[in-house]
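Every number here is computed from the coordinates shown, using simple stated rules; none is lab data. Treat the numbers as computed from the prediction; the structure is a model and nothing was measured. In this analysis, Cβ positions are derived from the backbone assuming ideal geometry, glycine residues included, and neighbour counts consider all displayed protein chains.
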Amino acid sequence: MTDELEDQMIAKTEELEQEQKPQEAVAEAAELVAIDPKDPILWFVKGKAHYVAEQFDESLSCLAKAAELERENPQIWQMMAYALISLKRYSEAAPCLEYVISKEPQNAESLSALGILHIISGDEKKARTYFDSALLANKRIAIAMLEHFHDKFFSTSPNIPSSAKAMVERVLETAKLIR
């Protein structure tokens, strides 16, 4: 397959993901991997398509294959962390995110996600440190991450202590005021 054709198929898969057609994206990504099973980027694209389709076990499997083929790509590890978080395998997600931060210290998404994991584990002090670092790295991304997790998880979870929920709300309010 030519690189140009491969790039076009990757673009089509990503377009399908954005159009909220996850099953079609998974099918397109499967075709890509079948053509070149030794390409880590194609496994990453397939893992991302499964993630968007909320097929987290399949996503994790594809992302693990991508990481096996290309160990040092932080994007693979970040996506793998998100799949692990979705599977509630929090203790396994943290090292993935820590690896991303070791390669990209200003990665606001991973810093925010680590803060979220520390909220889940009950360590509000560490969570606050990660949130502050994320806000310094990229306030817009950090706020978007925190709002998403607050709306989808924190505010609805009976397992998160009210003090942790209040801390996240304060971080968000302060960040929005200082924009």
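Using only Cα atoms, tell me the angle between helix 40-52 and the longest principal axis of the chain; keep it within 0 to 90° and round to the nearest 10. That works out to roughly 60 degrees.
How large is the charge dipole for the stretch 20-165, taken about the Cα centre, if only the Cβ atoms of Lys, Arg (+1) and Asp, Glu (-1) carry charge, to the nearest 20 debye? Walk me through the numbers on the way to the answer.
Working: 16 positive and 20 negative charges, 101 e Å.
Once rounded to the nearest 20, the dipole reads 480 debye.
Taking a straight line from the alpha carbon of residue 176, these aspartates and glutamates sit under 15 Å away, with near neighbours fewer than eight places off in the same chain left out: 132, 147.
From least to most packed, judged by other beta carbons within 10 angstrom and beginning with the fewest, 13, 174, 129 follow the order 174, 129, 13. Of the listed values (1) 80, 37, 27; (2) 63, 31, 19; (3) 53, 31, 30, identify the label whose number matches Cα extents along the principal axes in Å calculated from this model. Evaluating Cα extents along the principal axes in Å on these atoms matches (3). Peptide packing for 57-68, 81-92 was compared via the average number of neighbouring C-beta atoms within 10 Å per residue; ordered from the highest value, the list is 57-68, 81-92. Mean residue ellipticity, 222 nm, helices only, the chain: the sum of -39500 (n - 2.57) across DSSP H runs of n ≥ 4, divided by residue count and rounded to 500, is -25000 deg cm²/dmol. Note on residue 88: lysines with a C-alpha under 16 Å away, same-chain residues under 8 apart excluded, are 152.
Rounded to the nearest 10 degrees, the inclination of helix 108-121 to the longest alpha-carbon principal axis of the chain is 60 degrees. If I fit a long axis through the Cα atoms of helix 124-137 and take the longest principal axis of the Cα atoms of the chain, what angle between them do I get, 0 to 90°, rounded to 10? Taking Cα atoms only, the helix is inclined about 60 degrees.
Taking the Cβ of each residue in 33, 45 as the centre, tally the other Cβ atoms inside 10 Å and list the residues starting with the fewest. Working shown, then result.
On the way: 33 18, 45 25.
Neighbour counts put them in this order, fewest first: 33, 45.
Computed from label points 7 Å out along Cα-Cβ, the spacing between residue 70 and residue 54 is 3.0 nm. Taking 146, 114, 136 in turn, the Gaussian network model of the chain (Cα-Cα springs below 10 Å) assigns the largest fluctuation to 136.
Take the alpha carbon gyration tensor of the stretch 1-88, find the square roots of its eigenvalues, order them as a ≥ b ≥ c, and report rounded if a/c is under 1.5; if not, report prolate when a/b exceeds b/c, else oblate. Cα axes put the stretch 1-88 in the oblate bin. Residue 89 label point, 7 Å along Cα→Cβ, cut-off 14 Å on backbone N: hits in the stretch 49-69? Inside the label zone: 51, 55-68. The residue list 99, 154, 69 was ranked by how far each Cα lies along the charge dipole of the chain toward its positive end, using unit charges on Cβ atoms, and 154 comes out on top.
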